[in-house]
Amino acid sequence: MSVVPANIESDVLAIGSAEHRRLLGQFFLDTFVDYVPEQMQWPALSDEEIQRLRSLPFWQEAVSTENVTSNTVAAAAALESDPLVRKAIELQGFEEMRHARLLVALTSHYRIPVESPPRFTPRSLESDFLFAGFGECFDSFFAFGLWALARQSGFFTPALLDVFEPVMQEEARHILFFVNWVKYRRSQLPWWRRAAFRLLCASIIVKQVASRVKTARTMGKPQPAGAGSSENFTLTAHQDVAGDVTLHRLLELCLAENERRMAEYDARLRRPRLVPSIARLLVKLLPASV
Ligand SMILES: [Fe+2]
Ligand SMILES: [Fe+2]
């Protein structure tokens with residue numbers, strides 16, 4: 001599926017141009033997929049499969065993350081004066097909330113205990129949106145590989161993976177939208193505010209990288225009870241779904257899946273580069289046995 005709105009024809013897109021803004025909003029609205037979490041047909045699982053599902057440590061973290069992201073994104077729509085881009089951010093907020101609803105539907109269907117977190121209220125519309133967006137750039141990249149791994153290992157029944165397939169593709173759309181929005185946003189600022197915006201983005205990226213490095217250093221080591229080992233769970237969950245896979249192999253899968261999922265969208269939109277570049281570097285540096 002390639003989505004190229006008919007009214008946008010130029011091959012080269014100047015960041016911040018009216019054409020970039022239209023494509024940014026339009027691609028997001030045109031690729032919306034309609035589904036209702038509460039009407040999902042959940043596959044019948046054996047007792048063993050249900051136990052395996054319940055034993056995964058990250059359900060609570062997943063529900064909490066979607067709660068923070070959905071409320072942050074929904075609030076961030078107020079940052080935009082352009083109606084099309086604002087509508088796209090509102091739609092993303094709706095989709096994040098739908099992810100939370102899907103998780104609630106799954107956990108209640110298979111009786112996995114999770115607590116509903118209190119509604120998250122962002123403190124700063126812009127900083128919180130940037131923090132959530134850069135976080136998603138990391139989380140989604142690892143989730144793509146994790147999903148492919150789960151299919152290969154047979155850890156989840158394919159019917160269950162199919163239910164979550166739209167979520168995976170939505171996360172690809174979200175990070176594609178986000179990286180283009182950051183560039184668009186920066187281009188709209190007066191020149192004297194652009195340096196501060198770059199600094200804000202850089203400081204958030206450093207925090208997100210530091211958090212993943214901290215998580216990666218604990219991988220494979222026993223965690224004390226209640227130590228928050230499910231933080232950054234898309235980075236660590238491959239240990240749960242396919243125990244003996246190497247980080248090298250996981251990164252290769254993440255890169256291939258990222259490429260495949262992004263290929264569905266208009267080539268004139270800028271692709272997320274930071275996380276795939278880090279992953280490519282690690283693939284080069286790490287021995288295949290790690
Ligand atoms: Fe999400
Ligand atoms: Fe998302």
* **Some residue of the range 150-160 being polar (S, T, N, Q) and within 25 Å of Gln39 (Cα to Cα)** => yes
* Structure fact -> By residue number, the members of the range 116-172 that are basic (Lys, Arg) and part of a helix (DSSP H, G or I) are Arg151
* Condition broken by Cys137, with the remaining ones in (1) over 14 Å from the mean Cα position of the chain (by Cα); (2) within 15 Å of ligand 2 (Cβ to nearest atom) satisfied -> (1)
* Structure fact -> Checking Gln152, Gln208 in turn, the sole residue that is surrounded by 17 or more Cβ atoms within 10 Å (Cβ to Cβ) and of a type in the set (S, T, N, Q) turns out to be Gln208
* To do: State which residue is most open to solvent (accessible area, probe 1.4 Å) when the search covers only the range 155-184 and only residues that are under 25 Å from Pro83 (Cα atoms) and charged (D, E, K, R).
  => Lys183
* To do: Select from the range 55-87 the residues that are more than 16 Å from the chain's Cα centre (by Cα) and among the polar types (S, T, N, Q) and write down the one among them that is most open to solvent (accessible area, probe 1.4 Å).
  => Ser81
* Gly93 passes all but one of (1) open to solvent by 10 Å² or more (accessible area, probe 1.4 Å); (2) free of Cβ contacts under 8 Å to residues at least 40 places away in the same chain; which number fails? -> (1)
* Taking the range 237-285 as the region of interest, how many residues are crowded, with 20+ Cβ neighbours inside 10 Å and of a type in the set (Ser, Thr, Tyr)? -> 1
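Based on what the data block shows, is Ser187 among the hydroxyl-bearing types (Ser, Thr, Tyr), at pLDDT 95 or above and either within 16 Å of ligand 1 (Cβ to nearest atom) or surrounded by fewer than 21 Cβ atoms within 10 Å (Cβ to Cβ) (or both)?
The answer is yes for Ser187.
Conditions (1) at pLDDT below 95; (2) outside any loop (DSSP other than H, G, I, E, B), marked per residue:
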| site | (1), (2) |
| --- | --- |
| Val12 | yes, no |
| Arg21 | no, yes |
| Phe27 | no, yes |
| Gln41 | yes, no |
| Glu48 | yes, yes |
| Pro57 | yes, no |
| Ala75 | no, yes |
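The values are calculated or read from the model by the stated rules, or taken from the named source; none is laboratory data. Please read all numbers here as calculations on a predicted model, not as lab measurements. Glycine also receives a Cβ, built like all others from the backbone with ideal geometry; neighbour counts cover every protein chain displayed. Note: accessible area is taken over every heavy atom of the protein model, side chains too, but ligands, DNA and RNA are not part of it. Shrake-Rupley method; radii C 1.70, N 1.55, O 1.52, S 1.80 Å.
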